[in-house]
1. Which residues, counting only those in the range 49-70, are under 23 Å from residue 293 (Cβ atoms), hydrophobic (A, V, I, L, M, F, W, C) and part of a strand (DSSP E or B)?
2. Within the group 303, 258, which residue is in contact with a Leu (Cβ under 7 Å, 6 or more places away or on another chain) and of a type in the set (Lys, Arg)?
3. May I ask you to list the residues in the range 131-161 that are in a loop (DSSP other than H, G, I, E, B) and either charged (D, E, K, R) or modelled with pLDDT of 70 or more (or both)?
4. Kindly list, by first and then second residue, each pair from a residue in the range 22-37 that is outside any loop (DSSP other than H, G, I, E, B) to a residue that is at pLDDT below 90, limited to pairs with Cβ atoms under 7 Å and residues at least 6 apart or on different chains.
5. Counting only residues that are aliphatic (A, V, I, L, M), give me the helices (runs of 4 or more DSSP H) lying completely in the range 230-307 with at least 2 of them.
6. Of the numbered conditions (1) within 18 Å of the chain's Cα centre (by Cα); (2) over 21 Å from residue 278 (Cα atoms), residue 234 fails exactly one; give the number of that condition.
7. Considering only the range 270-307, state which residues are among the β-branched types (Val, Ile, Thr) and in contact with a Lys or Arg (Cβ under 7 Å, 6 or more places away or on another chain).
8. Search the range 231-250 for residues that are in the same structural domain as residue 202 (by TED's automatic domain parsing) and pair each with any residue that is of a type in the set (Asp, Glu) when their beta-carbon atoms are under 8 Å apart and the residues are at least 6 apart or on different chains.
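The values are calculated or read from the model by the stated rules, or taken from the named source; none is laboratory data. On a predicted model such as this, the values are computed, not experimentally measured, just so you know. Note: ideal-geometry Cβ built from the backbone for every residue, glycine included; neighbour counts use all protein chains shown.
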Amino acid sequence: MKQSYDNSKCNSPMWCTSYTQDVNAQAGQLKGWQQEYNQLSDGTFQGAMIHTDLGHFRLFQEHTSQALQQFCRIPEGAIWIGFSATPQRVCINHQQTNANTLMVRPGGIDFELSTDINSTLFGVVIASDTLKGQSERLLGHFAETLDTPQINALRNYMATVFKAQRLRWQSKTHQQLLHDYFNSLLSSSEKNAQLTKNRNQAISAVRTYLSEANNEATITVAGLATVAGLSPRDLYRLFYDHYGVSPARFLQSRRLNKVRRELQNNFNKRCVADIAFENGFFHLSQFSKQYCRLFGELPSKTKLTDV
C-alpha cells in the first residue's frame, strides 16, 4: 500500500509512504537501488518506507520488523549516508556500528547491512557533485564515528521531518540545511573509523565461499570455520556480533530465504517438495515448521501469493 502527500503548491517536498508484508517486496521499494534481503528472525514480516526527493538530496526512513541481512547498491554517481534512528545494532560490511556512527557508501558498489528486529534506519542519498571539494573526502571514509552532538543534530532533523511530513518548509530550505550540515561535518570531523581487519577478512572469505558454492545444503559450520580461519567458538561469536544468529541458523535461514524466492518466482509451478529437496530440506514436516517459524506462514501459502 502506498500513500503520497503532495505539497507542491507551496514548493514543499512530496512524500511517499509504502507498507509491505513481504521481505522481498520491501527490498524493491527504492527506485534505482539493487537490493536483496534475507530474513534471519522468526515471524511475519512488516515493512515501511517513507521517502522524499529534494533534488540534490533524497531522504528516506525504513522500518523492518525482522532481523535482516541486506545486500545493497545505490545508483552510480551518488553517495549514501545511513544511520540508526535509535541506538540499535547495525553492521555495514561486517563492521558493527554504534549510536554515533554514520555509514558512508558510494554508488555503484555493493555493500552489506545487518539489522536487528524492529529496526528503523534513516538514510540520505547525495548527488556526488553537491558537496563541492568534500565528496572525495567523504568517500575516503568507510564509516565515521562522530561526536554525539553532531549526529544528534542530524537525527533530530530527520525525526522532525519524517514525523511531520507536511511540514511546510520549502524544498530549498531543506537542501540548504542539509548542505550546510554536511559541509560543516566534513570540515570539522576527523577520521576515526577503525576496521577489525582479521574479522573483515574472515567474513569476506565466508561470503566468497558461499557465493561460489554449488550446493549450500552441503556446507557445515565446521567447513565455514576452516574457510574463515577461525575456531568454531570464534566463528560463533563473529556471527552473533554481525548477524545476531549462530552460524548454523544463518546457513539454514539463507536456504529458507532461497526457497521463498523460488516459490514466489515459481513460473513452472513446481511443487513445494521439489524446491525444498533441492535446497537440502529432506524432511517436509520439519521444513514446514522451520519455514513457518521464520516467515510466519506455510510454504504452500507463499506459493499461492502474488508478490
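1. Listed by number, the list holds a single entry, 68.
2. On the way: 258 fails: in contact with a Leu (Cβ under 7 Å, 6 or more places away or on another chain).
The match here is 303.
3. Here is the first cut: in the range 131-161, the ones in a loop (DSSP other than H, G, I, E, B) are 131-134, 140-142, 146-147.
Residues satisfying the conditions are 132, 147.
4. Cβ pairs passing all conditions: 24/307; 25/307.
5. On the way: elements: 232-243, 247-264, 272-278, 284-295, 299-304.
It comes to 232-243, 247-264, 272-278, 284-295.
6. Just one mismatch for residue 234, condition (1).
7. Taking the range 270-307 and keeping what is among the β-branched types (Val, Ile, Thr), we get 272, 275, 302, 305, 307.
If the condition is that a residue be among the β-branched types (Val, Ile, Thr) and in contact with a Lys or Arg (Cβ under 7 Å, 6 or more places away or on another chain), then 272, 302 are the ones that fit.
8. Within 8 Å, the pairs are 244/116.
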